[in-house]
1. Mind giving me the nanometre distance, one decimal, between the label points for residue 332 and residue 301, set 7 Å out from Cα along Cα→Cβ?
2. Given the options 200, 146, 157, state which has the largest fluctuation in a GNM of the chain using a 10 Å cut-off (strictly under) for Cα springs.
3. Show me, for the range 7-19, the HN-Hα J-couplings you get by feeding each phi into the Karplus relation (A = 6.51, B = -1.76, C = 1.60, θ = phi - 60°), rounded to Hz, glycine and proline as x.
4. If all Cα-Cα distances of the range 42-173 are sorted into 5 Å bins from 0 onward, what percent lands in each bin, rounded to whole numbers?
5. Which distance in Å, rounded to a whole number, links the C-alpha centroids of the range 239-301 and the range 89-120?
6. At 20 Å minimum axial length over the Cα atoms and a Kyte-Doolittle cut of -1.0, report the qualifying DSSP H helices in the chain, or say none.
7. Which residue fluctuates most in the GNM of the chain (Cα springs below 10 Å): 109, 299, 315?
8. Order of 253, 245 from fewest to most other C-beta atoms within 10 Å?
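Please treat every number below as a calculation from the coordinates, not as lab data. The structure presented is a predicted model; accordingly, all values stated were derived computationally and were not measured. Using ideal geometry, Cβ is built from the backbone for each residue, glycine included, and neighbour counts are taken over all protein chains shown.
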Amino acid sequence: MSVSEAFIRGIPKAELHLHIEGSLEPELMFALGKRNKVDIPFQSVEEVRAAYAFSNLQDFLDIYYQGANVLQTEADFQALALAYFERLHADGGVHAEIFFDPETHTDRGLPFSVAIDGLLAGMKEAEAKFGISSKLIMCFLRHLDEESSFRTLKAAEPYLDRIAGVGLDSSEKGHPPSKFARVFAAAKERGLKIVAHAGEEGPPAYVHEALDILHVDRIDHGNRALEDAALVQRLVKEGMTLTVCPLSNLKLCVVHDLKDHPMKRMLDLGLKATCNSDDPAYFGGYVGDNYVRTAQAVGLTQADIVTLAKNSFTGSFLDPAAIAKHVAAVDAYAVAH
Ligand code: ADE
Ligand code: ZN
């Protein structure tokens, strides 16, 4: 039986793969560009949206880093975060673990504190306004060298009690997880959780490296793990969470049609997949749209949706009591609907 859109939108869920800079809608980009006197190489919101036709990850990243230039003050980052949490709330989201890319901002001269203080203020506001809990994951840009990640980890020292984990993002091909072995070991020593983008465009070997060298707690994307049957078996056995992003995969040509998306196959194989939006302002949908459009395209059942929602909590970095509370809420929702 096909599952209704209302059921999908209403089910309590967490988002575990969201780049906050990727939630910058063109309208806010223009407003901040004007306020901060930063030039945007587009004339209108329509022109910006028309430019969001990407053939691969790098195509997107070139535009995404340019867009981030309008973010200049703590208030800008706070507004960005709050706009995202409003969308999450409308989609039944009750918890989020959001990525930010400090080097994108420090490399253009902003002090480390500007982005993080603004985001933390936005997260606090979302908790008060919507009852949404959230955690922050600091990502290292893998196209830069490991020295830059070490500088970033050092700059983050005064904030380590408010950072849940570190991640690895940006251009995947040619920048394997092993390039960052030392900085991830240092982050782990400081008690931080570890995640890494792997197997989005890069080969299954990068997923192996993320597991064996970075000792990740979650894999971000992981699509290409499906090319390696032994790796799939290992991910299933270890109960490793994959933060899958279907509309991102479509926009970045990881899949050419949403009907070919592996989400259903992943669930049927017993992989612990979750459904996420990645960079929703650029990829045409927030977390609710990712669930709904994927369900329609690949035929997810009500049981699959319940599994995805539960995985989003059991794969989160919340404490066991909070996870149990959210999983019970998912069960209660399923019984009531
Ligand atoms: N940064 C923002 N979105 C990303 C993605 N999908 N992959 C790698 N780096 C990113
Ligand atoms: Zn991502």
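1. 2.6 nm
2. Among 200, 146, 157, the largest mean-square fluctuation in the Gaussian network model of the chain belongs to 157.
3. Result, rounded to whole Hz: 4, 5, 5, x, 5, x, 8, 10, 10, 10, 9, 8, 8.
4. Here the calculated profile for the range 42-173 is 2, 9, 18, 20, 20, 17, 10, 3, 0.
5. About 23 Å separates the Cα centre of the range 239-301 from the one of the range 89-120.
6. 74-90, 112-130, 320-336
7. The residue with the greatest mean-square fluctuation here is 109.
8. 253, 245
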